[in-house]
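Each remark here refers to the structure printed beneath this line.
The values are calculated or read from the model by the stated rules, or taken from the named source; none is laboratory data. Keep in mind that this is a model prediction, so the values were computed, not measured. Using ideal geometry, Cβ is built from the backbone for each residue, glycine included, and neighbour counts are taken over all protein chains shown. To get the accessible areas, we keep the full protein, side chains included, count just its heavy atoms, and leave off ligands, DNA and RNA. Shrake-Rupley method; radii C 1.70, N 1.55, O 1.52, S 1.80 Å.
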Amino acid sequence: MSRVLSALCVLVLASSVRAGSATFRVDASVPAEVSVAVRQVAEEMWQELARRLPRLTPGSDFVVVIRSGKQLHAGHAGRSRPGTMEVRVSSSLDAMSRMALRHEVAHQFLWSTCAFAVDDPLLHEAFAMSVSGELESWIADDVYRSDAKAVSILRRDPGARTTEGRRALARLLEHVGPDGFHPVVRARLESCGSGGRLHKLTPEELVPATPQPDDDVWVVLSRHSGEVLESRGAIDEPLSPGSTLKPLLVASRPSRLPEVVVQARDGQPWSCGAATGTRLGWQRALQLSCNEYFLETVSASTNDAMFGAWTPLLRAAGMEGEPRHAQDAIGLTHAVRIPPLGLARAYRVLAEVAPDVIEALRSVPIDGTLAGLPESSWAVTTGLALKTGTVRDLEMRPALGWLVAISEDLVVVQVAPGRAPRQALDELRRRWPGPGVLAAAQAARVQAFGLMPLASVEVRCARGAGLRVVGERFSLLSTSFASLATLARERARLMCLSAPLLVRFPGLDGPRVYAGVMEGEPLPPSSPAQTRAERARRGSNVVFRTTRLRYAQGVLASEDAQARGGVRDALLMVVDFNQAHSRHDGRPVCDTTHCQVFQGTPSRRDDALEAAALHALSAKLRSKRDWLHFAKGGDEPWERALSVDDVAKRLGTPVGSMQREGDVVLLTRTSAAPDGTWFEEPARWSCESLRGALMLPSCPEKVSRKGSEFVFSGRGEGHGLGIDVERAKRHPEDTTPSVILEEAYGQDVWLEGSPSR
């Protein structure tokens, strides 16, 4: 290892050599059988450095004598001073001897090219370790030491002469740039080439800078639609994540992690406390955020990537850096960074893929890292799964405090500069979304595309990464459209990391937007559906999940996008009420006129509408009914003529005559007798069923037969039941939600707290 001479002596030597390259002479102390190979390795290393660092000009006539290092202390493979190298070699030049030669040549090169580095042992050793190839061997050592511990060691041993010193230096040099140099070392080398002179390199300079936001960061993400519902601060700025990636590390192991007896390491303040010396499983280790557990169980992983199959997803979420070891993955280094929004998106996927991991986090406020606080009971009552993360500075003070909170409907990420997570829980409680947002963010599920052959329906993400989830396994989707038929067959789920789904099928001008999750769900056994009405009643084996607000807005965009004020509020409440009741025997509501038309989620651009919708959805609608009808209504006259054959095809039977009588239509049906003769029998159809089967604008007021055609006439659109939207629009004095609801449904429907009650 290097033994640096005094600055004055080296400066005199360095000033006497300015242009050219080195001449290597092998001393007789080196075994003759390897002397040629020794000189060849030295010359090749010198030439390699000259190519990699063209701005550094070696001195002229620089003669370097290579001697055998028989007198070196045990554990030392080489030693240098300007012009002389001692390397431990034997009769065979093994890999260790070659690495030691390269290391000592690097010292000679730096002495010849960088005058101010002569009395900078840390820069010399950092340079030699980076270019000789030995850095990787020290990194593979995988003995944990924190940034603070590494800095403390190098303050005492700047030349990294000891094993601990070399381990500490390798720890700080581990995450190099694409050119193979630590950015600070590269900057010093550039200064050498420009003739500059700087202060000695300090260990603190080798610690990666930790970006720190100016203020708190806050992001609220919907687990269902994937949309950002609230945000504050730099949600897209990559930050050191502390321990918040531990649950993802656990989820990346399909068989999870084993139980082990944890032991304290290095006297760190993040010891597992009373759990130290006991046997822990991954659930308890997550609740305590026990670093020793993960250092023990993850360090032996043979995965090519620390996060396994989750690595590309985390990259798509904005993760920067390459976690090589457990300490990188669990936040004990600054090797990895991820934006708060990206972390929220990753946890949204985690909640879909690994519910057992989320379940383990529910105990964090009970007996984990957030236990015993005044706000802990609030977190338990709210039903939150929580994960903490702390990023510390070199003095082991909290630099960033992370809190991730997962509810049934939300993922919330909070980053508090300068505070530990336990100091920030009260702020999380105070900022937690109010009742209106919480109600609007609840899940809504709708059966989709039941009237269409699924092979013709295609889906992809609007942008970025998409995921196909089957059970606890997921894979990234291609960016091209794929058929929904496979989704239904495999009971898979499709979701996008950072954008809504796009759906297309024949006949559309462009794809429709669906902000949420597509789920394959088998239909209950039933007889084959032949007619359109039968298919509508049967439903679909594809279910779309989004939020209550986005579903209700989507229905209104399809049913009546022009509704405003009290009419819109009343419709939003009715649509939301129906979503929770359905007409499919416990299955989700469908997206056709059999239930409520839903053709995707509209864009969120009108803040006033959003506020009105939140208010409407948080209102407490009460009803004795299971389903609340509404229709466009109005009194615009219409007339339709259908052939007798067409009517017979749609109704499934030949029809001789029709007549409207109250809420039913009386018709004569032609049937065949067992003896082969034909006869007519009366039948009754509800007016609404007939309208749906014949696809008429509303229930016909008049039906007549003219030759080979039936002629239907009526007024308005829809079934004529419940809210008549067009009528409500024409009477602004009656457009408060309570008046509209009472007029449409009588005493069966009311608003809790309404003056009329």
Exercise. At q = 0.19, 0.21 Å⁻¹, what is the base-10 log of I(q)/I(0) for segment 75-191 according to the Debye formula with one equal point scatterer per Cα and no solvent? Please give it to two decimals.
Key: -1.06, -1.28
Quiz item: For Lys729, which aspartates and glutamates qualify as cross-link partners when the Cα separation must be under 12 Å and same-chain residues fewer than eight apart are set aside?
Solution: Asp560
Quiz item: Across 10 Å bins from the origin, how do the percents of Cα pairs in segment 486-532 run, short distances first?
Solution: 22, 35, 36, 8, 0
Exercise. Please compute the Cα-Cα pair-distance distribution of the chain with 10 Å bins starting at 0, giving whole percents from short to long.
Key: 2, 12, 17, 16, 14, 12, 9, 7, 5, 4, 2, 1, 0
Quiz item: When only DSSP loop residues count, what chymotrypsin sites (Phe, Trp or Tyr not before Pro) in segment 684-745 have their Cβ near at most 14 other Cβ atoms within 10 Å?
Solution: none
Practice problem: Could you calculate, for segment 235-385, the ratio of the Cα radius of gyration to the Kirkwood radius, expressed as Rg to Rh? | Solution: 0.95
Quiz item: Taking only C-alpha pairs under 8 Å that are 6+ residues apart, what is the relative contact order of segment 206-354 in percent?
Solution: 29 percent
Quiz prompt | Amide hydrogen neighbours beyond the local backbone of Glu717, cut-off 5 Å, H modeled | solution = Gly633, Gly634
Exercise. For segment 178-204 and segment 560-579, write down the distance between their C-alpha centroids in whole Å.
Key: 66 Å
Practice problem: Compute the signed sum of charges (Lys and Arg +1, Asp and Glu -1) over the other residues within less than 10 Å, Cβ to Cβ, of Gly242. | Solution: +3
Quiz prompt | Heavy-atom accessible surface of the chain: percent carbon and sulfur, 1.4 Å | solution = 50 percent
Quiz prompt | Long-range HN-HN contacts of Val664 with modeled amide H, under 5 Å | solution = Cys687
Quiz item: Of Val184, Thr593, Cys699, which is farthest on the positive side of the dipole of the chain, counting Cα position, with +1 on Lys and Arg Cβ, -1 on Asp and Glu Cβ, and the Cα centre as origin?
Solution: Val184
Self-check item: Backbone HN-Hα couplings from phi across segment 26-36 [Karplus 6.51/-1.76/1.60, Hz, Gly and Pro as x]
Solution: 9, 6, 5, 5, 7, x, 4, 5, 10, 4, 5
Quiz item: Over segment 114-167, what relative contact order in percent results from Cα pairs under 8 Å that are six or more residues apart?
Solution: 37 percent
Quiz item: Which of the trypsin sites (Lys or Arg not before Pro) across segment 142-213 are loop residues per DSSP, with 11 or fewer other Cβ within 10 Å?
Solution: Arg197
Self-check item: segment 482-581 - Kirkwood radius from inverse mean 1/r over Cα pairs (Å)
Solution: 15.7 Å
Quiz item: About its Cα centre, what dipole magnitude does segment 98-168 give when the only charges are +1 on Lys and Arg Cβ and -1 on Asp and Glu Cβ, stated in debye to the nearest 20?
Solution: 120 debye
Quiz prompt | With at most 10 other Cβ atoms within 10 Å, longest stretch of the chain clear of loop GluC sites (Glu not before Pro) (DSSP) | solution = 1-394
Practice problem: Could you calculate, for segment 327-383, the ratio of the Cα radius of gyration to the Kirkwood radius, expressed as Rg to Rh? | Solution: 1.04
Self-check item: Stokes-Einstein diffusion coefficient of segment 164-292, Kirkwood radius over Cα pairs, 37 °C, 0.692 mPa s, in µm²/s
Solution: 171 µm²/s
Quiz item: How much mean residue ellipticity at 222 nm does the chain get from its helices, if each DSSP H run of length 4 or more adds -39500 (n - 2.57) and you divide by all residues, to the nearest 500 deg cm²/dmol?
Solution: -10000 deg cm²/dmol
Quiz item: Å³ per residue of the Cα convex hull, for segment 358-508?
Solution: 163 Å³
Quiz item: Just how far, in whole angstrom, is segment 356-423 from segment 50-90 if you go by their alpha carbon centroids?
Solution: 53 Å
Quiz item: Relative contact order, percent, of the chain when contacts are C-alpha pairs under 8 Å separated by at least 6 residues?
Solution: 8 percent
